[in-house]
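First up is the structure itself, then whatever we jot down about it.
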Amino acid sequence: MASIADGAATPTKDQVLKVAVASIIGSVIEQYDFLVTGIIAATVWGDIFFKMHALAAVAAAIGVYGLGIVIRPVGAFIFGNIADRYGRKDAMVWALLLMGISTLLIGLTPTYDHIGAIAPILLIIFRLAQGISFGAEFGTASTWVVEQAAKSKYRAFWGAWVGFAIPLGLLLGFGSVILVKSLMTAEQFTAWGWRIFFFVGFLVAIVGIVIRTRTTDSFVFERFKSGEETLKSPALAVWKEMQGTTLRTSVVNAMFGGAFFLSFVFGTSYMKAVGFTATEAETVGLIAAASMFVFMVIGSFLADFISRRAILLVSAVVFLVWAIPYFYLINTGNFWTAVFAEVIGFGFVFGFGYGAIPTFYAENFPTRYRASGASAGYQISQVYGGGLIPIIAGLILHAYGIHRAYIYIGLFVMVYALAAIFAILATPETKGADLEK
């Protein structure tokens, strides 16, 4: 078969697979970083980068961590423009380069004792750069692989490869934290051991850059470039012409982002407050992440055979009815009951729905600003969904205590589930959509 670079040939299965593998590299690093950095920010950064009262230092460290999430829409805008003007592959290579450099620099940042107030300033700068690079990943990666698989009857499955990076990154993150901590003392981990994770992230990014540079761009975008002139500012155009679609898709993912952050940011602290040990909470997380991968594969195939909306609706409805029982089961303090709560409330809800999410985003926007639209909708939801939910949940827990707070937290997240259900119902089904328009 002719090369897809000629803008005419349809990719083979092997060519789709190469793009799928290249597309998930950065997303694996993102999830790995999310988990590892969250743990390190909460347990290490406060002591070594901020000269404040203990609780204030921890809050400052977590705040820096949060900046990496808040800044992501900026990355979505910048790299969405690059992807829609010059190519999905180009945007993915430059984003991964920025990710690798900023991750390495975080690992090399001297402590407050060595350079004073410059230390937290540098940490903030590098974390912002890292967040900008992460803002590029999901939307552009989804666009890249879904476009490459545009003619495949398993388009949702191939799109789900971007989602597969989430459980893989979490498993890698949990496993590496447990391993490194087991090989050194707590003092060694605080002094230098935590930096290992960022060096590993940098090395993986280099491997990803090599893989991405050796991969072709999507055949859909190549055909588009050969027949039409790209927009001057696709990231602005999508907001002018498809604002409703961008916001609607964002509301859908706000629920999934909330489920993710509720489990892995707030949920771990909640389990400890109930009485679980850190090891037990991490083990529950490992099991939930593994189950998520299984449900994601199932959800992607069903999205191809049934519809995208049906899979998303099932996940949203389960999240709605499971919100309060999830916390009630964890409150029992029983390990296996907590596992069951996490497998359903996180593994199924997030995993099953994410079998359709990458393709859902890519299929809702035309080629001329597909990457910009998918990136914008996804990343703004990470701010008011994924980023906000654990903060509000923490405030509710502090106000009402462990025995009453879960009811109010459950009611709060149910609002996100209801909003997602309405947004899904208001969005046309995209299965079978012609992506070359």
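The values are calculated or read from the model by the stated rules, or taken from the named source; none is laboratory data. Note that the structure is predicted; figures quoted are calculated from it, not measured. Cβ coordinates were reconstructed from backbone atoms using ideal geometry, including for glycine residues, and neighbour counts include every protein chain displayed. Just so you know, the surface numbers come from the protein's heavy atoms only, side chains and all, with ligands and any DNA or RNA stripped out. Shrake-Rupley method; radii C 1.70, N 1.55, O 1.52, S 1.80 Å.
Residue-wise test of (1) in contact with a helix residue (DSSP H, G or I) (Cβ under 6 Å, 6 or more places away or on another chain); (2) more than 20 Å from Phe138 (Cα to Cα); (3) part of a helix (DSSP H, G or I).
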| position | (1), (2), (3) |
| --- | --- |
| Gly258 | yes, no, yes |
| Phe266 | yes, yes, yes |
| Phe276 | no, yes, no |
| Ile287 | yes, yes, yes |
| Met292 | yes, no, yes |
| Phe295 | yes, no, yes |
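For Val343, state whether it is assigned to a helix (DSSP H, G or I) and more than 23 Å from Ile39 (Cα to Cα). When the stated conditions are applied, Val343 does not pass them. With respect to the conditions (1) open to solvent by 10 Å² or more (accessible area, probe 1.4 Å); (2) in contact with an Asp or Glu (Cβ under 7 Å, 6 or more places away or on another chain); (3) assigned to a helix (DSSP H, G or I), Trp158 falls short on a single one, namely (2). Counting only residues that are in a helix (DSSP H, G or I) and open to solvent by 30 Å² or more (accessible area, probe 1.4 Å), which one in the range 65-82 is nearest to Ser102 (Cα to Cα)? Taking the candidates together, the pick is Leu67.
Here are Ile392, Ile402: which of them is of a type in the set (A, V, I, L, M, F, W, C) and assigned to a helix (DSSP H, G or I)?
Numbers: Ile402 fails: assigned to a helix (DSSP H, G or I).
Exactly one residue qualifies, and that residue is Ile392.
A Cβ distance below 8 Å, combined with a sequence gap of six or more or placement on separate chains, defines the contacts here; from the range 306-323, residues that are free of Cβ contacts under 8 Å to residues at least 40 places away in the same chain reach residues that are open to solvent by 30 Å² or more (accessible area, probe 1.4 Å) and part of a helix (DSSP H, G or I) in the pairs Ala310/Leu302; Val318/Ile344; Val318/Phe348; Trp322/Ile344. Of all the residues in the range 177-195, those that are closer than 13 Å to Ile40 by Cβ, free of Cβ contacts under 8 Å to residues at least 60 places away in the same chain and not in a helix (DSSP H, G or I) number 0.
Of Gly333, Gly385, Gly410, which residue is surrounded by fewer than 24 Cβ atoms within 10 Å (Cβ to Cβ) and either under 15 Å from the mean Cα position of the chain (by Cα) or not in a helix (DSSP H, G or I) (or both)? It would help to see each step written out before you state the result.
Values: Gly385 fails: surrounded by fewer than 24 Cβ atoms within 10 Å (Cβ to Cβ); Gly410 fails: either under 15 Å from the mean Cα position of the chain (by Cα) or not in a helix (DSSP H, G or I) (or both).
Residue meeting the stated conditions: Gly333.
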